[in-house]
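K.L.:
Below is the structure I would like to discuss, written out as structure tokens.
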Amino acid sequence: MIPAFEPIAPEANALRRVRRSEINSLGRIRKGAFLPSKSGKDREGLSVSIENAALRAVHRAKYDDGEHRACYVTVGSVRELQPLDVVAEPDEDDPAHALIVGIPDLTLGINELERAEYFAGELARRPRPYTFPANE
């Protein structure tokens, strides 16, 4: 039996790891940060973590290094893009892990590619770079 999880609150911040090169000088995130992998590894959804103060050290290690940093988008702003949603998918390393689901699988053809690019572009308008608190 698959465990059921409480829906994620719309005001929750979903953190996503992006390459620093995918953030322009105005702090805008390029749409490539929200395109599923061409290899099909994102078929289940795009990986995010729900911001959680108790897991800040875990998330800082996961999202913030020399080549990458975190950006954030509210769960509610993802849900505005029907049929997209953010669903809990906790794992051993990150109990706050979740997936942005509903983005078409790029490996299925040109129609899915066009729709995936549309959603990636729309998602890229919503996030901002995330800065972890300095005092922790």
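K.L.:
Across every pair of different alpha-carbon atoms, what Kirkwood hydrodynamic radius in Å does segment 89-136 reach? Mind dumping the intermediate values first?
P.N.:
Details: mean 1/r = 0.0741 Å⁻¹.
Computed over segment 89-136, the radius equals 13.5 Å.
K.L.:
Related question: Between Ala61 and Glu114, what is the FRET efficiency for a Förster distance of 35 Å, r being their Cβ-Cβ separation, to the nearest 0.05? Before the final figure, lay out each step's value.
P.N.:
Working: r = 36 Å, r/R0 = 1.03.
Approximately 0.45, to the nearest 0.05.
K.L.:
Build a GNM of the chain with springs between Cα atoms under 10 Å: which of Glu44, Glu114, Glu92 gets the top mean-square fluctuation?
P.N.:
So, out of Glu44, Glu114, Glu92, the one fluctuating most is Glu92.
K.L.:
Report the dimensions of segment 13-136 along its three principal axes from the alpha-carbon atoms, largest first, rounded to Å.
P.N.:
Computed over segment 13-136, the largest-to-smallest principal extents equal 47, 34, 27 Å.
K.L.:
Quick one: net charge of Leu113's neighbours, Cβ under 12 Å, K/R +1, D/E -1?
P.N.:
Values: positive: Lys38, Arg115; negative: Asp105, Glu112, Glu114, Glu117.
Residues close to Leu113 contribute a combined charge of -2.
K.L.:
A follow-up question, please. Could you size up the charge dipole of segment 47-136 around its Cα centre, putting +1 on the beta carbon of Lys and Arg and -1 on that of Asp and Glu, and report it in debye to the nearest 20? Don't skip to the end; give the middle numbers.
P.N.:
Working: 9 positive and 17 negative charges, 89 e Å.
Computed charge dipole of segment 47-136: roughly 420 debye.
Taken together, the values in this text are just the output of simple stated rules run on the coordinates, not laboratory data. On a predicted model such as this, the values are computed, not experimentally measured, just so you know. Note that we place each Cβ from the backbone using ideal geometry, even for glycine, and neighbour counts take in every protein chain shown.
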